[in-house]
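J.: Here it is, the structure, as structure tokens.
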Amino acid sequence: MLYKNKKLFIDKISANQIIKKFGTPAYCYSYAQLKENILNFKRNFKNIDPLICFAVKANNNIKILNEIGRFGLGADVVSKGELLASLKSKINPKKIVFSGVGKTYDEINFAIKKNILLINTESQSEIETILKIAKKIKRKVDIGIRLNPNVDAKTIKEITTGKTINKFGLKEKEVIDLINHYKKSKYLNIKCLSVHIGSQITNHIPYFKMLKSIQKIIDKSKFNFEYIDLGGGMGINYGENTQKLNYKKYSKKIEKFVKKNSIKIIFEPGRSIIGNAGYLLSKIIYIKKTGKINFIIIDAGMNDLMRPALYKAYHRIIPTNKNKSKVSKRHDFVGPICETTDKFLSIKSYQKLNEGDNIVICDVGAYGKVLSSNYNLRSNPKEILIKNLKVFEIRKKETLQSII
Ligand SMILES: *Cc1c(COP(=O)(O)O)cnc(C)c1O
């Protein structure tokens, strides 16, 4: 993404041209950026040679999943829908893990039939459900057990998952008890110990603490896991001086851990793979100037991009036509939805804008489209992909007909 003669280009294609052809609001993805992120991730952990399972909940577009799968990645799914999408995208079932606290009998049954790598369980009741199905079909099922290490990921409270007050995983003692209880089971094969402590993590210290908790379980239980699933959560730079995760330190630490325990590692990254590869293209409908604030009313709303309203997430907003002016007045970029939280950004000054101008909300590839809703009875936006200098529509805009 860069400006040429003050015009914005995404992967060498003019943003204005894309908007002219495909309309707004629309999610636009860069294949080049996606590829770079995957190669970077692999490079960062090359000494560990992990199985990388993309967290489908970050972005479930079939075409995107297919591209990710072609780089050899698997998938981390949290519902039957995500499992179906991954299989349809030709992701290898033997590279799919199933996470989540509330998998139903039907979902588990389906996952077992599809021969996925493992089901990461989060409660004894869930294990019992798996056991019931396994007995019924007389098959041994591979499972993981998710540990809640009670580690503060030092991220936004709403996306923290590894503290005891969070619903996820099981406490150390519970994990050890379950291992002892089920390790000789004819129908269960405990293959993996899994963790996931939260998202948008930019400090390696919580990860270090997490590894320590895992080591404790291994030492205390003396159980030989085939895999340790370290989850995802790697933070990205949203452009507001966020600290950067020190991959080198994290990777070194894991390397030692792997050598000590001779174990295979699974990662479940979502945001770090697709986050900065997505843009939300939008158009200014109206500009409403009040005494203190210029309200820039755009045609994308919180139903299209929920993150700012949901967890006060910050996203840069940039114009497709740059100019040198500066209006020193507060600008609030807002959507058309009838909610005060339908606001994307409040900024002290901005370049001069006009009604009808195009703008781009950056870094929305992860937890963007997937969180969209039909609130205010608006249809979900389309998705497009730029690959090798070509632009493709990869999901149609929902029709009002289909949702009414
Ligand atoms: C959400 C989630 C992930 C992905 O988190 P990112 O921050 O997007 O990397 C991985 N594993 C589990 C179990 C999750 O719930």
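The values are calculated or read from the model by the stated rules, or taken from the named source; none is laboratory data. The model shown is predicted, which means the values in this text are computed figures rather than measured ones. So basically every Cβ, Gly included, is an ideal-geometry build from the backbone, and we count neighbours across all protein chains shown. Just the protein is used for accessible areas: all its heavy atoms, side chains included, with ligands, DNA and RNA removed. Shrake-Rupley method; radii C 1.70, N 1.55, O 1.52, S 1.80 Å.
J.: Report every pair of residues separated by at least 6 positions or lying on different chains whose Cβ atoms are under 6 Å apart, first residue within the range 27-53 and within 23 Å of Met1 (Cβ to Cβ), second small (Gly, Ala, Ser) and part of a helix (DSSP H, G or I).
T.: Tyr29/Ala277; Ser30/Ala277; Gln33/Ala277; Leu34/Ala277; Asn44/Ser251
J.: Tally up the residues in the range 359-395 that are within 16 Å of the ligand (Cβ to nearest atom) and outside any loop (DSSP other than H, G, I, E, B), please. Step through it out loud before you land on a result.
T.: Taking the range 359-395 and keeping what is within 16 Å of the ligand (Cβ to nearest atom), we get 363-371.
From the residues that got through so far, the ones that are outside any loop (DSSP other than H, G, I, E, B) too are 369-371.
Residues flagged as within 16 Å of the ligand (Cβ to nearest atom) and outside any loop (DSSP other than H, G, I, E, B) within the range 359-395 amount to 3.
J.: Can you tell me how many residues within the range 281-336 are under 14 Å from Ser372 (Cα atoms) and among the basic types (Lys, Arg)?
T.: Looking only at that region, the number is 1.
J.: Please enumerate the residues belonging to the range 265-286 that are crowded, with 17+ Cβ neighbours inside 10 Å and either away from the ligand (no atom under 16 Å from the Cβ) or part of a strand (DSSP E or B) (or both).
T.: Pass one, the range 265-286, residues crowded, with 17+ Cβ neighbours inside 10 Å: 265-284.
If the condition is that a residue be crowded, with 17+ Cβ neighbours inside 10 Å and either away from the ligand (no atom under 16 Å from the Cβ) or part of a strand (DSSP E or B) (or both), then Ile265, Ile266, Phe267, Gly278, Tyr279, Leu280, Leu281, Ser282, Lys283, Ile284 are the ones that fit.
J.: Out of all the residues in the range 125-170, which are more than 20 Å from the chain's Cα centre (by Cα), over 18 Å from Lys212 (Cα atoms) and loosely packed, with under 15 Cβ neighbours inside 10 Å?
T.: Ser125, Glu128, Lys132, Lys135, Lys136, Ile137, Lys138, Arg139, Lys140, Ile165
J.: Taking Ser325 as the residue in question, decide whether it is among the hydroxyl-bearing types (Ser, Thr, Tyr), open to solvent by 40 Å² or more (accessible area, probe 1.4 Å) and assigned to a loop (DSSP other than H, G, I, E, B).
T.: It is true that Ser325 is among the hydroxyl-bearing types (Ser, Thr, Tyr), open to solvent by 40 Å² or more (accessible area, probe 1.4 Å) and assigned to a loop (DSSP other than H, G, I, E, B).
J.: Sticking with this one: Can you tell me which residue in the range 62-112 is nearest to Asn166 (Cα to Cα), limited to those that are β-branched (Val, Ile, Thr) and touching a residue at least 60 places away in the same chain (Cβ under 8 Å)?
T.: Start the filter on the range 62-112 by keeping residues that are β-branched (Val, Ile, Thr), which leaves 62, 64, 68, 77-78, 91, 96-97, 101, 104, 108, 112.
Among the residues that remain, those that are also touching a residue at least 60 places away in the same chain (Cβ under 8 Å) are: 62, 64, 68, 97, 101.
On the way: Ile62: 31, Ile64: 31, Ile68: 30, Val97: 21, Val101: 11 Å.
Per the criteria, the residue is Val101.
J.: List the number of the failed condition for Lys260; all other conditions in (1) more than 15 Å from the ligand (Cβ to nearest atom); (2) open to solvent by less than 50 Å² (accessible area, probe 1.4 Å) hold.
T.: For Lys260, the failing item is (2).
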